[in-house]
1. Using the Karplus curve 6.51 cos²θ - 1.76 cosθ + 1.60 with θ = phi - 60°, work out ³J(HN,Hα) for each residue of the stretch 314-327 in order, rounded to whole Hz, and write x for Gly and Pro.
2. Points 7 angstrom from Cα along the Cβ direction at R80 and W365: gap in nanometres?
3. Taking 0.36 nm per intervening residue step and subtracting the Cα-Cα distance, what contour gain separates D263 from N414 on full extension?
4. I need the P(r) histogram for the stretch 262-356: all alpha carbon pairs, bin width 10 Å from 0 out to the longest distance, whole percents.
5. Straight distance only, please: which lysines reach the Cα of K277 with their own Cα at less than 21 Å, same-chain residues fewer than 8 apart left out?
6. Select from T344, P269, F302 the residue farthest towards the positive end of the dipole of the stretch 262-356; place +1 on Cβ of Lys and Arg, -1 on Cβ of Asp and Glu, and compute about the Cα centre.
7. Report, ordered by chain and residue number, the lysines lying within cross-link reach of K256, taken as a straight Cα distance under 18 Å and ignoring same-chain residues fewer than 8 apart.
8. Could you run the Karplus curve 6.51 cos²θ - 1.76 cosθ + 1.60 with θ = phi - 60° over the stretch 5-11 and give me ³J(HN,Hα) per residue in whole Hz, x for Gly and Pro?
Amino acid sequence: MTRHFWVLVHRYAGLYMAFFLVVAGLTGSIITFTPQIQRWLNPPVKVVLRDAPRLDEVTLLERAQALEPQALVTGLRFNRPPDEPYSVRVEPRVDPAAPQHVGAGAFTLNLDPYSGAEISRQREPDGIWPITRQNFIGFVIALHYRLAVPGEIGTWLFGIAALVWTIDCFVSAYLTFPLSVQRREGPTAQSRAGARKSWWSRWKPAWLVKWSGSAYRVNFDLHRAGGLWVWLLLLVLAWSSVGFNLGEQVYQPVMKSIFTMPDPYGELPVLDPAPDKPGMGWREAHATAQRLMAEQARTHGFTVEKEDGLQFDASKGVFIYLVRSDHDLQDEGGNTYLLFDGTTGAFAGLNLPTGVNAGVTVHSWIFALHMGLLWGLPYKVFLCVVGLIVAMLSITGVYIWLKKRAAARVRHNNLLRGAANGDQPAC
């Protein structure tokens, strides 16, 4: 009865998840290669390499601000490719006297890294419709986690599906376990204990596909074995999906109840009203960031490998200084960051992705695995294949349900016909 209950749980959970996981699996296989697809669809502007020094990032930001004095430049990016323009995101400024945006909407300003002259401007697409080369990846991402539905409805539906998927990972694994010999063969099986196969040998068929079997058997084996071979990654994808869609509602409370996870950014208060610009200049902020990060590196024993970015968060009045350190996981960029007050320069928090807090380390691993940030192209290809497996598991699950439902209807109709004819059930 216990096993039958979990069969029903798995069946109806799978029916709810099927559509969402087919969409998530297929779109996830695409966005695994987001950088490559973006460069193919929208090749970056190139600049001619010159035998001359490039302007530093702060100078380029100041040039961008001078070109758009009514707007707000919110961040610096370091280590840009030498043959590409220096790209600066420009956002409309909020006028404190009249709460309205000054200037046009957000856009990217491309500057010549040698002279600081403007090369081009790229407006961000207004939404995901109609689909163009510029917003294709944005559309696929929106489809991946919220069905491209406006508002929060799609996010919640996908979040609930991810939560059900997480629970069902354990249910489905349990259902692949072999039945006990006593249950399968009866009490007399205990007298043949020496001749019984081990539990592991009886579990082995669950990992195999009998390709010579019927269509139903092949689909059943693919559904069972396909889930087992990539089970751990499926659990990672499911739980990290809960983090993306139901982070504040489910993921963070659960993780913080298991681990003592510090959240230096989340613990800072939101300012009301928020300042429209930092209290210190960008050059001073950069120097402050480097000094504070060097102090933290000595204190906590980590090494800074390269700078990644510096941005001002007006909602909390802090600078966020992002670097790559020896505590980072991903192949490119970094997720080690430091927070400091945008006016006084006072230290406000540090995040190290791994090696300090178990919860933060687990969090960093599962999100890096979900987003394909590890182990280069081989893992991206593998993750793409797993996305197709996710879709296959849902399709084969629905197929198995339809076949069993059809068989159950045939049995039911036969019983009805037998009862109408006065047949007695066999003893």
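Coordinate-derived values only; no laboratory data. Every value quoted in this text rests on a predicted model; they were computed, and no experiment measured them. For neighbour counting, all protein chains shown are included, and Cβ atoms are generated from backbone atoms with ideal geometry for every residue, glycine included.
1. 5, 5, 10, x, 10, 8, 10, 10, 9, 9, 9, 10, 6, 9
2. Taking the simple label geometry, R80 and W365 are separated by 3.7 nm.
3. 48.1 nm
4. In order of increasing distance, the bins hold 17, 50, 29, 5 percent.
5. Counting by Cα, and skipping residues close in sequence, K277 has these lysines nearby: K316.
6. T344
7. none
8. 4, 6, 4, 5, 4, 5, 5
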